Amino acid sequence: MNGSRGRVRLATVWLGGCSGCHMSFLDLDELLFDLVPRVEVVYSPLADVKVYPEHVDIALVEGAVANEDNLRLARTLRDRTRTVVSFGDCAVTGNVTAMRNPLGDPQAILHAVYVEAVDRDPGVPDRVVPTLLPKVLPLHQVVSVDHFLPGCPPRAERIHQVLVALLDGRPLPDDRDIRFG
Ligand code: SF4
């Protein structure tokens, strides 16, 4: 643990997902007060941190890997984090984010929409929005994952149960429960 006053350095990461998993995290409500003395949130969409920091203890990673920004961040967080948790069904399986996969490489569709179907200034946007990957991937197909926490979204009680087990250094609750939690 590298956090100030011995607190665990916690990151929550938002890749290709709807943020519903983060909303479920916030649904911990008063249970968050249990965690406050034990964790230091060092990176999160809930905090204004631009760069993923070094020496992170635990990362909850929501969402699938859908574009080049997701891919870069997934690799960076894996390099800088001791325990990576695939957080929610989009991270675990691709889920909703991967529903575009049967349509094939999105570049053909983007070309049809932004080049073939317009009269002025044709061109696929490539400056403000990150380039989409040919296929959406679950997190573990891009980097190694230490634990899976499925659910769409995972229930707040389950998030709390898993986080406390990790903080205590105890085995995680029964994997079958987690898988269907
Ligand atoms: Fe949203 Fe469900 Fe995906 Fe979480 S798992 S990001 S709640 S669609």
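The values are calculated or read from the model by the stated rules, or taken from the named source; none is laboratory data. What you are looking at is a predicted structure, and each value in this text was computed from that prediction instead of being measured. Neighbour counts run over all protein chains shown; Cβ positions are idealised from the backbone, glycine included. Calculation scope for accessible area: heavy atoms of the full protein, side chains included, ligands and nucleic acids excluded. Shrake-Rupley method; radii C 1.70, N 1.55, O 1.52, S 1.80 Å.
Which one is nearest to the ligand (Cβ to nearest atom), of the residues in the range 145-159 that are surrounded by fewer than 17 Cβ atoms within 10 Å (Cβ to Cβ) and over 12 Å from Phe25 (Cβ atoms)? Give the steps one after another, and end with the answer.
Here is the first cut: in the range 145-159, the residues surrounded by fewer than 17 Cβ atoms within 10 Å (Cβ to Cβ) are 146, 152, 155, 157.
With over 12 Å from Phe25 (Cβ atoms) added as a condition, the list becomes 146, 152.
On the way: Asp146: 18, Cys152: 3 Å.
The extreme case among them is Cys152.
So which of Arg179, Arg120 is at pLDDT below 95, among the charged types (D, E, K, R) and within 16 Å of the ligand (Cβ to nearest atom)? Show your work before the answer.
On the way: Arg120 fails: within 16 Å of the ligand (Cβ to nearest atom).
One residue alone meets the criteria, Arg179.
For the range 104-112, indicate whether the set of residues that are within 13 Å of the chain's Cα centre (by Cα) and among the aliphatic types (A, V, I, L, M) is non-empty.
The answer is no; no qualifying residue exists.
Can you name the residue in the range 106-138 that is assigned to a helix (DSSP H, G or I) and touching a residue at least 12 places away in the same chain (Cβ under 8 Å) and, of all such residues, is least open to solvent (accessible area, probe 1.4 Å)? First the steps, then the outcome.
Restricting attention to the range 106-138, the residues satisfying the condition of being assigned to a helix (DSSP H, G or I) are 106-116.
Subsequent filtering for residues that are touching a residue at least 12 places away in the same chain (Cβ under 8 Å) retains 106-107, 110-111.
Working: Pro106: 11, Gln107: 72, Leu110: 40, His111: 81 Å².
Ranking the candidates gives Pro106 first.
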Inset, instruction - Taking Leu103 as meeting all but one of (1) open to solvent by less than 60 Å² (accessible area, probe 1.4 Å); (2) touching a helix residue (DSSP H, G or I) at 6+ places or on another chain (Cβ under 7 Å), write down the number of the exception. - result: (1)
Legend entry - Subset of the range 20-45 (residues that are in contact with a strand residue (DSSP E or B) (Cβ under 7 Å, 6 or more places away or on another chain) and within 22 Å of Ala91 (Cβ to Cβ)): Cys21, His22, Phe25, Val39, Val41, Val42, Tyr43, Ser44, Pro45
Legend entry - Flag for Leu10 being more than 30 Å from Gly123 (Cα to Cα), more than 16 Å from the ligand (Cβ to nearest atom) and in contact (Cβ under 8 Å) with a residue 24 or more places away in the chain: yes
Legend entry - Condition check for Asp69: of a type in the set (D, E, K, R), away from the ligand (no atom under 13 Å from the Cβ), more than 22 Å from Cys152 (Cβ to Cβ) and part of a loop (DSSP other than H, G, I, E, B): no
Legend entry - Residues within the range 6-19 that are open to solvent by 20 Å² or more (accessible area, probe 1.4 Å) and touching a strand residue (DSSP E or B) at 6+ places or on another chain (Cβ under 8 Å), tallied: 5
Inset, instruction - For residues that are assigned to a helix (DSSP H, G or I) and more than 10 Å from the ligand (Cβ to nearest atom), tally how many sit in the range 80-97. - result: 1
Legend entry - Count - residues of the range 98-117 that are within 16 Å of the ligand (Cβ to nearest atom) and modelled with pLDDT under 95: 0
